[in-house]
1. Hey, with R₀ at 22 Å, roughly what FRET efficiency would LEU30 and ARG379 work out to, going by the Cβ-Cβ distance, to 0.05?
2. Charges at C-beta only: +1 for Lys and Arg, -1 for Asp and Glu. How large is the resulting dipole of the stretch 228-287 about its Cα centre, in Debye rounded to 20?
3. Can you compute the FRET efficiency between SER129 and ASP158 using 1/(1 + (r/R0)^6), with r the Cβ-Cβ distance and R0 = 60 Å? Round to the nearest 0.05.
4. Would you mind computing, in nm to one decimal, how far apart the modelled labels at SER367 and GLN107 are, each placed 7 Å from Cα along Cα→Cβ?
5. Would you mind checking which residues have amide H under 5 Å from THR164's amide H? H placed 1.01 Å from N; only 5 or more apart, or other chain.
6. Please compute the contact order of the stretch 241-390 in relative form: average sequence separation of alpha-carbon pairs under 8 Å and at least six residues apart, divided by the residue count, as a percent.
7. Can you work out ³J(HN,Hα) from phi for every residue in the stretch 252-259, in order, using Karplus 6.51 cos²θ - 1.76 cosθ + 1.60 and θ = phi - 60°, giving whole Hz and x for Gly and Pro?
8. Would you pull out the residues with amide H under 5 Å of CYS236's amide H, same chain only if 5 or more places away, H placed 1.01 Å from N?
Amino acid sequence: MNGLVEEGKAWPQSASEYQIHGYIRPNLTLLRSHDGFGGHLIKVEPAEVDASDAAQRAELEEHEAGGRAAKRPRKTEEGEEEGFAIEDLLTAAMDVVMKHRLMFEVQDDPLTLFCLRRVSKSFKKFAESVVSAKAKTLDITVTPLVHGYQRYGEDKFDGYDSETFDADWGDDYIVEYTNREKILLDFQPSVTGNGGYEPTNADAATFSWDTGKLDRDTEPEDDYYFDASSSEHAYCGQMLRVYWHPKDSDPVKSPEHRDYYGQQKPSLGFRIAEFPLSSRFNAGVMTKSHSGVTVSFDVLESTVSETEEVVDEEEISEYETDEEAEDGQRRVVKIIEKMGNYIQFSGRIKLISVKVDFSVIVRLHASQVLQELNREYARIKKERPLTTTESEYQNFVKFALNQ
């Protein structure tokens, strides 16, 4: 503060109060970042901050608009539902495209296409033609996971890999699967609809499983030596995971993939949906949908067999009266058989098709853009408030994220 006083940018009003020249945000950031001084000791009246922000924002917007203050109160019913107060969605959408998105090729920019679909009927028709063409080039794959078993205990995360584990089951256990060969897909048009993605190699679209005999009687609390890999209680069936693999031209980049020890592995792409499959099926074609992704598959075979087997024998000695015996009794040994109940699951499934709504890609793109904006805007707000244009852009990205 003494430095600001010496520079003529601050004037003491009392022993603890100062009047500061300039906007509050940059000065407050400067004071709170000073080494050896507790930033929490600096107090500014909220009303003073609001007034400073309003003046600084007006100056920024006047400069941005080339001498005209950009005052556009906006509001729509659609926007209110998402907390997006904007009157002219057409103008806002075009603002976003013109000011923030034109550095990208439109066919590789889902967020721009999302905006254009809301501008007008003509722009919507154009955007949907681009979306239709783009959809045919998406790299979509499906990874079948079989033999899902619960893992318990302190070492349940040993060997964890996001490709074959599912950790969304709470604190008690996680589920580990065995992955089958990845199924590659190609877009196939349809005369009755928008088409979808079908297996590139039909022979590679079928996967199978066979659990072997699973113990039906043992649960974790029953046996200290509980083996989850051989218990019906721990068996969780199969799963289909659908991935999108962005190309180099896409603004969305695939997330990293690391193993349990932190070693880099080839990226899995974006997991855009997953479909848990029951351990028991009826044969025939099934369809499942979730968050804009639909899979169709044919249950070629689903078998459940139950058996009872002798697992142990115990000898029990009894004594019966026998007058001919020396002591009047004779020993009789009986064999008691201990039976075990088992169940076995097996089956085969053939993947038929996958459909992906373009909103799935828009949400992924919006999520990454929003993360970048939040980091950038957090830095900006240390020096100044956000302008109306910046706030509208952030709100529009949030709006796209919720579609």
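1. 0.95
2. Values: 7 positive and 6 negative charges, 9 e Å.
It works out to roughly 40 debye.
3. Numbers: r = 51 Å, r/R0 = 0.85.
About 0.75, to the nearest 0.05.
4. With each label point 7 Å from Cα toward Cβ, the separation is 2.6 nm.
5. The list, which skips near neighbours in sequence, is empty: none.
6. Numbers: 217 pairs, mean separation 30.5, N = 150.
Relative contact order for the stretch 241-390 comes out at 20 percent.
7. Working through the residues one at a time gives 8, 10, 4, x, 5, 10, 10, 7 Hz.
8. Here GLY148, TYR149, GLN150 satisfy the definition.
Any read-out appearing in this document is the output of simple, stated calculations on the displayed coordinates, not a laboratory observation. Just so it is clear, the structure is predicted and the values come from calculations on it, not from any experiment. Please note: Cβ atoms are built from the backbone with ideal geometry, for glycine as well, and neighbour counts cover all protein chains shown.
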